[in-house]
Amino acid sequence: MRKKLPFTLSKDQSFYESLNDWIGDTLYDDLPERGFDLRDEQVFMAFQIEKALQEKKVLFAEAGVGTGKTIAYLLPAISYARYTGKPALISCADETLIDQLVKEDGDIQKISEALNLNIDVRLAKSRDQYLCIKRLEDASDFGYGDYADEVEESLPGFVFGSDSLEKMYPYGERSAYPELSNDEWETINYNPIQQCASCDVRNRCGQTLHRVAYREATDLIICSHDFYMEHVWTKESRLRQELLPLLPDLSMIVFDEGHLLEYAAQRALNFEVQSETLIKLLEQVMVDGVRETTLEKIEQLIEVHALFFDEMEDHITLNDGERYTIDKVDRLKKIALSAIRLADEVLEEFVFDGELYVIPNYDLKMVEEYLEQYTYSMNLFATDEEAIDWIEDREGDWTLVIMPRLVTDILRNQLFNQRLPIIFSSATLSVDEDFTYIQNSLGITEPLKFSVQSPFDYDEVMEIKQHVTEEKREAVLNIMRNRQQTLVLFKSKQAMLAFKESLTPSERELFDFEGDRELSAMIRDFSDGFVQGIASYNLWEGLDLPEHRLTQVIIYDLPLPPQDPLFDAKRKHTDRPFETVDLPFMQLRLRQGIGRLIRTERDAGVVHLLVDGEEVKLQSSYEDLFPVKIQSS
């Protein structure tokens, strides 16, 4: 049911004129009367968003920390959703940002209460943020650990019982299990190989129940960039299968921390082949009654698949990131083509075995879908010279990843050419107010754009101290002796883990490390002062902890992009790779990192920048990025 607009429409004014007047009255009068700060930068941003709605264009809205970006886009977004009868989408960089946006004292709740808007907001988290009943049962049956049994015992009664449909409610979010490590969670959460459409418990699945709930949103749906891009890539195929798209029709989109959208798009378009997954799935359908011909084909495919990964191990170049380079020699391509041929033959045999009903339907559907994706992925690897591919070591399981070279054409055709108002909101969309880097990365032409500075007087509240040292471990520990609440930022997971391994058990107690347990729970404990430091490689953006909750940021290393196949592909298509790829990435990342410290006018603190002898040579490329002068320490 469409909700009432927060202002009255008249015959004398268009919706956009009325919206413009209401935004001005709300930001200049109504909210300041209720204790909100009046910020000219926020008013300007809200008016620019109203213009983008009217012209149905893409807007790059770069506004410094403290501008009040969230309220600036919420007011027009809620109004436009109610005017069009379609929810507005707020897409965040990750699940942590989502949790902060909808927290009890967050901006949505504050303006809902202050303006009596009764905002209807629903969460649509990424699918891997939900429990999978099938995988949980497997983890419990195969004795993965006590954690699986404990999660199973905590499930609502209707999951395995016979309670009526009316009693069902959403459950099973990652945030409901903060005590689980990421590794434990990844054994029981949704996995793309699961055949959800034919699952016999899909109507009792927490993910399904959450999806039903957010489809009914009237004002706002909040999701991650990853989930939105998965929606874009799967929309047409789901419609062909007579399935609803992951998201309903939308009135507009806000990409909060929009500079990270490109990486979400690349991840969503990945095709993956794991060394162990195919073997496990095929062994699962080698049951009594399967024809001998089918079993022989399966065994041949398993043998060639294993040979493919054995051969690949001899042609891998390790680097400083998670993505290892593959030397695609002819023999490797030939083995891949042999695997494709055998996979097609196995699929043909399954047609006959399916008619015998000896393989459980759910298992058969899952293997057939995986084999179809397997042949497509392996064909890309073997024949598409433009594709980018690399190998990752995921807890001892090799994973081949293949993706298109660039996603700009796909984004342009499926997203930016739809005349849908799209707002990119961030403090770091440009380099010196030049938006060329993000425009080229996303394939956007002729956007609206503006840049406004932060209203804070940084000279009064922030210090930036640079430590030139080869002993960064000792530097961190020395800084931590001041007992300030500290965020330590690393350029990569590997850098963070290397630092962690260098610490003694007692030194490790100073920190919570990203990945040890659910991130939102770690942030809550850090905010409440239960731990002095939080070490992360992902919290360069989105962390919002004002006042005493965060008074110190340590940047452990310059966040240059890794020398890996993904960034190498970008570097190959420019004459000046360091200047056009590496430096802009690092500069945007640094600006995001220091932006974690000062969140309100009551905040103060110190940023410590640790650089070694090589890194300090780049000082001329980053010293002017900061709002205050760097001090040598």
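The values are calculated or read from the model by the stated rules, or taken from the named source; none is laboratory data. All values reported here derive from a predicted model rather than from experimental measurement. Glycine also receives a Cβ, built like all others from the backbone with ideal geometry; neighbour counts cover every protein chain displayed. SASA here: full protein model, heavy atoms, side chains in, ligands and nucleic acids out. Shrake-Rupley method; radii C 1.70, N 1.55, O 1.52, S 1.80 Å.
Results, tabulated for the structure shown:
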read-out	value
Filtered residues of region 99-143 (kept if under 12 Å from TYR190 (Cα atoms) and of a type in the set (S, T, N, Q))	SER126, GLN129
Hey, PRO627 in contact with a Lys or Arg (Cβ under 7 Å, 6 or more places away or on another chain), open to solvent by 10 Å² or more (accessible area, probe 1.4 Å) and in contact (Cβ under 8 Å) with a residue 40 or more places away in the chain or not	no
Which listed residue is open to solvent by less than 90 Å² (accessible area, probe 1.4 Å) and free of Cβ contacts under 8 Å to residues at least 40 places away in the same chain, from THR436, THR428	THR436
Unmet criterion (only one of (1) within 30 Å of MET312 (Cα to Cα); (2) open to solvent by less than 20 Å² (accessible area, probe 1.4 Å); (3) in contact with a strand residue (DSSP E or B) (Cβ under 8 Å, 6 or more places away or on another chain); (4) not aromatic (Phe, Trp, Tyr)) for GLU262	(3)
Filter pass, GLY542 being within 28 Å of GLY68 (Cβ to Cβ), among the small types (Gly, Ala, Ser) and either part of a strand (DSSP E or B) or open to solvent by less than 40 Å² (accessible area, probe 1.4 Å) (or both)	yes
Pairs where the first residue, in region 181-196, is over 12 Å from LEU281 (Cβ atoms) and the second is hydrophobic (A, V, I, L, M, F, W, C) and part of a loop (DSSP other than H, G, I, E, B), C-beta under 7 Å, 6+ apart	ILE188/CYS132; ASN189/CYS132; TYR190/CYS132
Qualifying strands (runs of 3 or more DSSP E) (wholly inside region 348-464; at least 1 residues being of a type in the set (S, T, N, Q))	397-403, 422-426, 448-452
Unique residue being within 20 Å of ILE598 (Cβ to Cβ) and either open to solvent by 30 Å² or more (accessible area, probe 1.4 Å) or aromatic (Phe, Trp, Tyr) (or both) when the list is LYS465, LYS449	LYS465
Filtered residue count, region 395-405, keeping only those that are touching a residue at least 40 places away in the same chain (Cβ under 8 Å) and either more than 23 Å from the chain's Cα centre (by Cα) or open to solvent by 30 Å² or more (accessible area, probe 1.4 Å) (or both)	5
Filter result (closer than 25 Å to VAL65 by Cα and either of a type in the set (S, T, N, Q) or in contact (Cβ under 8 Å) with a residue 40 or more places away in the chain (or both)) within region 560-582	LEU560
Boolean, ILE554 is modelled with pLDDT of 95 or more and in contact with a Ser or Thr (Cβ under 7 Å, 6 or more places away or on another chain)	yes
Spans of helices (runs of 4 or more DSSP H) in region 1-111 with at least 2 residues over 21 Å from LEU123 (Cβ atoms)	15-25, 40-55, 69-84
Unique residue being open to solvent by less than 40 Å² (accessible area, probe 1.4 Å) and either acidic (Asp, Glu) or closer than 30 Å to VAL581 by Cβ (or both) when the list is PHE271, PHE255	PHE255
HIS305, sole failed condition from (1) closer than 18 Å to PHE381 by Cα; (2) touching a residue at least 12 places away in the same chain (Cβ under 8 Å); (3) surrounded by fewer than 17 Cβ atoms within 10 Å (Cβ to Cβ)	(3)
Filter result (among the polar types (S, T, N, Q) and open to solvent by less than 50 Å² (accessible area, probe 1.4 Å)) within region 556-579	THR574
Breaking point among (1) open to solvent by 10 Å² or more (accessible area, probe 1.4 Å); (2) on the phi < 0 side of the Ramachandran plot; (3) out of contact with any Pro (no Cβ under 6 Å at 6 or more places or on another chain), for LYS491	(3)
Of residues in region 54-100 being closer than 16 Å to LEU220 by Cβ and hydroxyl-bearing (Ser, Thr, Tyr), the one most open to solvent (accessible area, probe 1.4 Å)	TYR83
Residue in region 593-604 that is among the small types (Gly, Ala, Ser), surrounded by fewer than 21 Cβ atoms within 10 Å (Cβ to Cβ) and at pLDDT 90 or above present	yes
Within region 200-217, tally of residues that are open to solvent by 30 Å² or more (accessible area, probe 1.4 Å), part of a helix (DSSP H, G or I), over 20 Å from ALA77 (Cα atoms) and not hydrophobic (A, V, I, L, M, F, W, C)	5
Matching residues in region 310-333 - criterion: being more than 14 Å from PHE381 (Cβ to Cβ), part of a loop (DSSP other than H, G, I, E, B) and either in contact (Cβ under 8 Å) with a residue 60 or more places away in the chain or among the hydroxyl-bearing types (Ser, Thr, Tyr) (or both)	ASN319, ASP320, GLY321, GLU322, ARG323
Number of the exception - LEU220 against (1) open to solvent by less than 40 Å² (accessible area, probe 1.4 Å); (2) within 23 Å of VAL273 (Cα to Cα)	(2)
